[in-house]
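All remarks here apply to the structure that follows.
The values are calculated or read from the model by the stated rules, or taken from the named source; none is laboratory data. Computed from a prediction, not measured in an experiment: that's the story for all the values here. Note that each Cβ is placed from the backbone with ideal geometry, even for glycine, and that neighbours are counted across all protein chains shown.
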């Protein structure tokens, strides 16, 4: 592991130092040439890029995947895996539905006018399930189910094919479980641009959601404004705050689990007691040494003066996942205001949230937890206000409109209101 100990210099300063260290190893990417090629060439460009990056030597012959393949994949799924997908889907749906408990609301104001705020889903969403190191059926569920709860009728799934040119059966099975029949074998930045701009085969969508690597994240940043996006969800990250009762072996596995996402997924261990920090660090490095897939992880260690400082550091760093391996985790969680998702208590491993807890694993990374949160139905819709003004309300409000409008230099606004007195 690439381990580094950081001296405590205050929450904001230490968080900035860790972010700078993580950024040192980040590889800058330029997605604009890919966007130009997709815009100018369309399907042919997406297929060529898919062959180059995802399935060299054996690319798919076409982007659109026959939905019958997804249906067959679900039927053929191992019963244990099918049960796990069903449990995950049910829990994700329950949490998503709770977020839309009051989709519409009417407010009557003192002057007599009413403002009705309605929930309206977007027309279509593109969801992205990563590939690369593994198949991610969980990402299909995490993206598709909130979109369905939001009320979308069209959901298009894009996922990179494997070396054989086909999508992983688990991804196809998850798509079938969610009833998705618009599936594309394409990945990376080219998939995001195809969903945003359209090609001969792909009809453009209104919102794109889902996690991905640096190329996917930068492509989403580029198309924002042409389409909506959920967030800039990039490489995974975990901060673990360890109390005196933290089990080093458990904590080590929790940290290494997130390192499975790749070498660009930083791990941050925070402790108040030196012996706790050292014990977990040693256990984590030992666990990583026995697991080649996590051996290259960036591992930051910070000793903080007290738990209050640990909470301040978490809020300043705004980690994607924050695990509170602490006896009073519930109390400490109340102090957290900036994180993608908080896992409180020794049994609340981040891995539960990645799969079946019901919370969404598409979370803000890179500090974006300061201003946004987990993927949910709200990403797939918008609110529309309908204003109704009675004659009595118009008479009472018009002078106020007139005064404000003339003060801003828009006298005709005032006339428009005053003629209704």
Residue 6 meets each of (1) within 28 Å of residue 292 (Cα to Cα); (2) in contact (Cβ under 8 Å) with a residue 60 or more places away in the chain; (3) not assigned by TED's automatic domain parsing to the domain that holds residue 313 with one exception, condition (3)
Is there a residue in the stretch 11-24 that is over 22 Å from residue 235 (Cβ atoms), in the same structural domain as residue 290 (by TED's automatic domain parsing), modelled with pLDDT of 95 or more and out of contact with any helix residue (DSSP H, G or I) (no Cβ under 7 Å at 6 or more places or on another chain)? yes
Across (1) touching a helix residue (DSSP H, G or I) at 6+ places or on another chain (Cβ under 7 Å); (2) part of a loop (DSSP other than H, G, I, E, B), residue 167 clears everything bar (1)
What about residue 157, is it buried (at least 19 other Cβ atoms within 10 Å of the Cβ), at pLDDT 95 or above, within 20 Å of residue 230 (Cβ to Cβ) and out of contact with any strand residue (DSSP E or B) (no Cβ under 9 Å at 6 or more places or on another chain)? no
| Hey, any hits in the stretch 35-49 for a residue that's closer than 21 Å to residue 236 by Cβ and surrounded by 18 or more Cβ atoms within 10 Å (Cβ to Cβ)? | no
Filtering the stretch 194-219 for residues that are closer than 15 Å to residue 41 by Cα and buried (at least 24 other Cβ atoms within 10 Å of the Cβ) leaves a count of 4
Note on the stretch 286-306: residues touching a strand residue (DSSP E or B) at 6+ places or on another chain (Cβ under 8 Å) and surrounded by fewer than 17 Cβ atoms within 10 Å (Cβ to Cβ) are 296
Being part of a loop (DSSP other than H, G, I, E, B) and touching a residue at least 60 places away in the same chain (Cβ under 8 Å) narrows 397, 375 down to just 375
